[in-house]
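Data first, discussion second: the structure below is written as structure tokens.
The values are calculated or read from the model by the stated rules, or taken from the named source; none is laboratory data. Since this is a predicted model, take the numbers as computed values, not measurements. Heads up, the Cβs are rebuilt from the backbone with ideal geometry, glycines too, and the neighbour counts pull from every protein chain shown. Side chains included, ligands, DNA and RNA excluded: accessible areas come from the protein's heavy atoms. Shrake-Rupley method; radii C 1.70, N 1.55, O 1.52, S 1.80 Å.
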Amino acid sequence: MLKAGHCGASVGQVQKSLGIPASALSHHLSRMIKVGLIKQEKQSRTIMCFPEYQHLSSFYNSSAVRE
């Protein structure tokens, strides 16, 4: 999703890129939505995923401090 940038990536694109079962992807995406790392929007019949850069930046910065 980060590579797709602000244009986002469809759930199908993410699944194809990662090569994981749809059920596993759904689980991980729902967790990332819940903590604010990504958001989803339905565009026609396609569900698009978009990174929440502000939250990702905060998450990355707090992780880097721990190392």
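For segment 16-30, a residue qualifies if it is under 12 Å from the mean Cα position of the chain (by Cα) and within 16 Å of F50 (Cβ to Cβ), and the qualifying residues are L25, H28, L29, S30.
When segment 35-49 is limited to residues that are among the polar types (S, T, N, Q) and open to solvent by 80 Å² or more (accessible area, probe 1.4 Å), the one that is farthest from L2 (Cα to Cα) turns out to be S44. In segment 1-13, how many residues are open to solvent by 60 Å² or more (accessible area, probe 1.4 Å) and within 15 Å of T46 (Cβ to Cβ)? Residues flagged as open to solvent by 60 Å² or more (accessible area, probe 1.4 Å) and within 15 Å of T46 (Cβ to Cβ) within segment 1-13 amount to 2. Confirm whether Q40 is in contact with a helix residue (DSSP H, G or I) (Cβ under 8 Å, 6 or more places away or on another chain), modelled with pLDDT of 95 or more and assigned to a strand (DSSP E or B). Criteria met by Q40. Taking residues in segment 9-34 that are without any contact (Cβ under 8 Å) to a residue 60 or more places away in the chain, and partners anywhere that are among the hydroxyl-bearing types (S, T, Y) and assigned to a helix (DSSP H, G or I), the pairs with Cβ atoms closer than 9 Å and at least 6 places apart or on different chains are A9/S17; V11/S26.
For the list (1) over 12 Å from the mean Cα position of the chain (by Cα); (2) modelled with pLDDT of 90 or more; (3) of a type in the set (G, A, S), I need the number of the one condition that S58 fails. Among (1) over 12 Å from the mean Cα position of the chain (by Cα); (2) modelled with pLDDT of 90 or more; (3) of a type in the set (G, A, S), S58 violates only (2). E52 falls short on exactly one of the conditions (1) at pLDDT 95 or above; (2) within 13 Å of the chain's Cα centre (by Cα); (3) surrounded by 11 or more Cβ atoms within 10 Å (Cβ to Cβ), and that condition is (1). Here K16 meets the list (1) open to solvent by 100 Å² or more (accessible area, probe 1.4 Å); (2) under 20 Å from S58 (Cα atoms) almost entirely, failing just condition (2).
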